[in-house]
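What follows is a single structure, written as structure tokens, with notes after it.
The values are calculated or read from the model by the stated rules, or taken from the named source; none is laboratory data. This structure is a prediction, so every number in the text was calculated from the model and none was measured. Note: ideal-geometry Cβ built from the backbone for every residue, glycine included; neighbour counts use all protein chains shown. Accessible surface areas use protein heavy atoms only, side chains included; no ligands, DNA or RNA. Shrake-Rupley method; radii C 1.70, N 1.55, O 1.52, S 1.80 Å.
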Amino acid sequence: MTTWTGSTGADLARWWAGGADAELPPAWRGHPALAARRTVSEAEEAARTGSDAVLAALLRLLQDGEQQAGLVVMKALWTRLARAARGRSARADELAAPFWLVMAAYPLDRRPARIAANLVWDTLKAARTDPRERPVAPETMDSLATAPAADPVPTGDRVLARAQRLGLIDGRAARILSSVYLDGMPGRVAAVRHVTTETAIRWRCSSSVRRLAANAERLLAA
């Protein structure tokens, strides 16, 4: 995992300068969408153009513990994400940690199409205007990246199940988080589904995800 020392864009550029021309790891070629890609750069280019098959393969690799695959996705979509954040209160660098969490929890089986757009949209939703509503802080990426990972790295469903077993969230919070973060449900729609208000949905997501982020090591090691 790269060390995040300042501007995320600059960090990605430094990492990319040393890794773009590297041969694609043999294990990655086990995914049909990546079988014909020779280098990491070729995989990134396909992801940048929005190939759902390539993005799905890279996200699956990330969720199986290949953190470099997540960096390829981040490199591919970072400019698009930063551009989408313009005019919003969140600075681009504040999106790094939410973006990583969204990638790690992305439900590929439920949302296999328009993956690039979904990742950008889900990240912008996670980066709330009000700091009290922002689910995670930028330094969360480091805590997740250095945490002792179980095998495989937990998907969103597994994280929520583990969080319940550890007593970090209750069943209602897990269902709300699943609706908003895994199903991509807008707050107003989630409020109807869970018979509450949109404000209550935002509060529940904020407080619950902060608790999960604060216990990242326990969750990944459970």
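Can you give the accessible area of residue 158 in Å² (nearest 10), computed on protein heavy atoms with a 1.4 Å probe? Estimated to the nearest 10 Å², residue 158 gives 110 Å². A simple rule links phi to the HN-Hα coupling: the Karplus curve 6.51 cos²θ - 1.76 cosθ + 1.60 with θ = phi - 60°, which for the range 183-197 gives 8, x, 7, x, x, 5, 6, 4, 4, 5, 4, 9, 6, 8, 9 Hz, with x for Gly and Pro.
Report note on the peptides 75-86, 53-64: ranked by the mean count of other C-beta atoms within 10 Å, highest first, their order is 53-64, 75-86.
Ligands, DNA and RNA excluded, the heavy atoms of residue 37 present near 70 Å² of accessible surface to a 1.4 Å solvent probe. Using heavy atoms of the protein chains and a probe of 1.4 Å, the accessible area assigned to residue 15 is about 50 Å².
Under 5 Å between amide hydrogens, built in the peptide plane, is the criterion, and for residue 39 it picks out 24 among residues at least 5 positions away or on other chains.
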